[in-house]
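Please read the structure below before turning to the comments.
The values are calculated or read from the model by the stated rules, or taken from the named source; none is laboratory data. Owing to the predicted nature of the structure, the values given are computational and were not obtained by experimental measurement. Reconstructed Cβ throughout: ideal geometry from the backbone, glycine too, with neighbour counts over all protein chains shown.
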Amino acid sequence: MERRERAPRPDWQRRVEEVGFPIHTADGPYWDESAFWAFTPGDVDLLERVTAELHQMTLAAVGHVIDTGRYWERLAVPRELVPLIARSWEGADGDGDPSIYGRMDLAWDGLSAPRLLEYNADTPTGLVEASVVQWHWLQDVDPAADQWNSLHERLVAGWKELAPWLPVGPLHFASLDVAEDVLTATYLQDTAAQAGLATSFVEMRAIGWNAVKGVFVDGDGVEMRACFKLYPWEWMAREQFGAMLPRTHTRFVEPAWKMVASNKGILAVLWELYPDHPNLLPAFLEPGDMASYARKPLLSREGANVVLVKDGDVIAEGADQGYGAEGHVWQALWEPEAPTAGKHLSIGCWLVRGVPAGAGIRESDGPITGNLSRFVPHLVAEDAGGDPRRRARFRAIAGTS
């Protein structure tokens, strides 16, 4: 794992817009190709293996929450939605309602074991840049190189797998009228269309309830029998029609059980079930006597209202967006053993249908990954990571000789 600088393509703005990514610049460059991260094939194998294991552990943790019923209040899950969550977990065939995608954010310095920061299981964004934009960057700058990125192909194949589960009629794709959300939802809609599914887009605020038929409908009054929604379950529960969710027969992607997997309190459940696991950080639903930790709201996004404390002193705070009323989780502070080129990075490891499918890297100048943290592309190179300490340590972590 090694950060390398590279001059951006002279017309990079036009190039990323041509592949469907107009939101490349906000208050500063969000898409940043002035550098890239190079991983070895062994790096990718390790990240892939860790991501797969963490996903299976999370599924076990979700099952534990649902089976024991111990955590509903602690995780601030609305009681009225518990039957819906349990029903989606069991599913019509006993295997649970299916998921199409998710993103696990890992901390890694190339020396110590990768650690789970959080699982964006319900409404992850950053997909277009990970799947499409960085792939086209690679084709322009080094077409002979490889990249950990099979996202597009796996998404198309994943929708084909879901087709037998989906009812007759269009699969609706819904999001707020926010540029990033629309971009993500319509990209997923395009992959579903490529899989041969009939699709339709609806803005979240246009969704209504037909009281006569007892169904959700889109802005044209068409029944929504199936819907991919880029909108958090906990927000849906508070909406005007939230009380109708347990009564609806609409099949949602992502399913209701993702409300548990995406809750940051699942980090504490994971630590309880898998104490001292090398890819977890200690996490608790009470602060205890921890002196260095990240206090994270159970329900928050993009680092909002996260507080980092080291030896009792606050060292960083995320943007205040009003999260935290439902409670917090206290996760041990992660500190790299080796510097990562003076940057703070989060490696977003994507899963499609539960299978690791690629990575997107976010860089920030501070230790909290926020909404404006830069997306930096990556490639796979045999000669990445020249630090002898790193090579020896990697062999121990990866179990290679």
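Would you please list the contacts, defined by Cβ atoms under 7 Å and residues six or more apart or on different chains, that run from a residue in the stretch 334-347 that is over 22 Å from Tyr119 (Cα atoms) to a residue that is of a type in the set (A, V, I, L, M, F, W, C) and buried (at least 17 other Cβ atoms within 10 Å of the Cβ)?
So the pair list comes out as Glu337/Leu111; Ala338/Leu111.
If you check Ser175, Ser150, which single one turns out to be surrounded by fewer than 22 Cβ atoms within 10 Å (Cβ to Cβ) and either in contact (Cβ under 8 Å) with a residue 24 or more places away in the chain or touching a Lys or Arg at 6+ places or on another chain (Cβ under 6 Å) (or both)?
Numbers: Ser175 fails: surrounded by fewer than 22 Cβ atoms within 10 Å (Cβ to Cβ).
Residue meeting the stated conditions: Ser150.
Which of the residues that make up the stretch 343-359 are part of a loop (DSSP other than H, G, I, E, B) and not charged (D, E, K, R)?
Answer for the stretch 343-359, where residues must be part of a loop (DSSP other than H, G, I, E, B) and not charged (D, E, K, R): just Gly354.
Given the criteria under 27 Å from Leu188 (Cβ atoms) and modelled with pLDDT under 90, does Ser364 qualify?
In short, yes.
Evaluate the stretch 110-131: report whether one residue or more is more than 18 Å from Trp37 (Cβ to Cβ), of a type in the set (S, T, N, Q), in contact with a Ser or Thr (Cβ under 7 Å, 6 or more places away or on another chain) and part of a strand (DSSP E or B).
yes
Does Ser112 count as surrounded by fewer than 19 Cβ atoms within 10 Å (Cβ to Cβ) and hydroxyl-bearing (Ser, Thr, Tyr)?
Criteria met by Ser112.
Of everything in the stretch 252-273, what is in contact with a strand residue (DSSP E or B) (Cβ under 7 Å, 6 or more places away or on another chain) and not in a helix (DSSP H, G or I)? Give them in sequence order.
Within the stretch 252-273, Phe252, Val253, Ser262, Lys264, Gly265 meet the criteria.
Determine the pairs where a residue that is at positive phi, located within the stretch 296-315, has a partner that is modelled with pLDDT of 90 or more and part of a strand (DSSP E or B) with Cβ atoms under 6 Å apart, the partner being 6 or more residues away or on another chain.
Asn305/Pro297
Failed condition for Ala256, given (1) out of contact with any Pro (no Cβ under 7 Å at 6 or more places or on another chain); (2) of a type outside the set (D, E, K, R); (3) at pLDDT 90 or above; (4) closer than 28 Å to Trp334 by Cβ, with all others met?
Exception for Ala256: condition (4).
Out of (1) within 18 Å of Ile100 (Cβ to Cβ); (2) buried (at least 17 other Cβ atoms within 10 Å of the Cβ), the odd one out for Glu118 is which?
(1)
Just the residues that are in a loop (DSSP other than H, G, I, E, B) and either under 18 Å from Leu280 (Cβ atoms) or in contact with a His (Cβ under 7 Å, 6 or more places away or on another chain) (or both), please, taken from the stretch 307-342.
Listed by number, the residues that qualify are Leu333, Trp334, Glu335, Pro336, Glu337.
Got a number for residues in the stretch 60-85 being free of Cβ contacts under 8 Å to residues at least 40 places away in the same chain and of a type outside the set (S, T, N, Q)? Before you say what the answer is, go through the steps one by one.
Quick first cut of the stretch 60-85, residues free of Cβ contacts under 8 Å to residues at least 40 places away in the same chain only: 63, 67-70, 72-73, 79, 82.
Narrowing further to those that are of a type outside the set (S, T, N, Q): 63, 67, 69-70, 72-73, 79, 82.
Total satisfying the criteria: 8.
What do you reckon, is Val329 farther than 30 Å from Glu5 by Cβ and of a type in the set (Val, Ile, Thr)?
When the stated conditions are applied, Val329 passes them.
Looking only at the stretch 210-248, how many residues end up being in a loop (DSSP other than H, G, I, E, B), surrounded by fewer than 17 Cβ atoms within 10 Å (Cβ to Cβ) and under 24 Å from the mean Cα position of the chain (by Cα)?
Total satisfying the criteria: 1.
Which of (1) crowded, with 19+ Cβ neighbours inside 10 Å; (2) out of contact with any helix residue (DSSP H, G or I) (no Cβ under 9 Å at 6 or more places or on another chain); (3) under 21 Å from Glu161 (Cβ atoms); (4) not aliphatic (A, V, I, L, M) is the odd one out, the single condition Asp95 does not satisfy?
For Asp95, the exception is condition (1).
Is it true that Leu106 is touching a strand residue (DSSP E or B) at 6+ places or on another chain (Cβ under 6 Å), surrounded by 21 or more Cβ atoms within 10 Å (Cβ to Cβ), of a type in the set (A, V, I, L, M) and not in a helix (DSSP H, G or I)?
Values: touching a strand residue (DSSP E or B) at 6+ places or on another chain (Cβ under 6 Å): yes; surrounded by 21 or more Cβ atoms within 10 Å (Cβ to Cβ): yes; of a type in the set (A, V, I, L, M): yes; not in a helix (DSSP H, G or I): yes.
Here the answer is yes, as Leu106 does meet what is asked.
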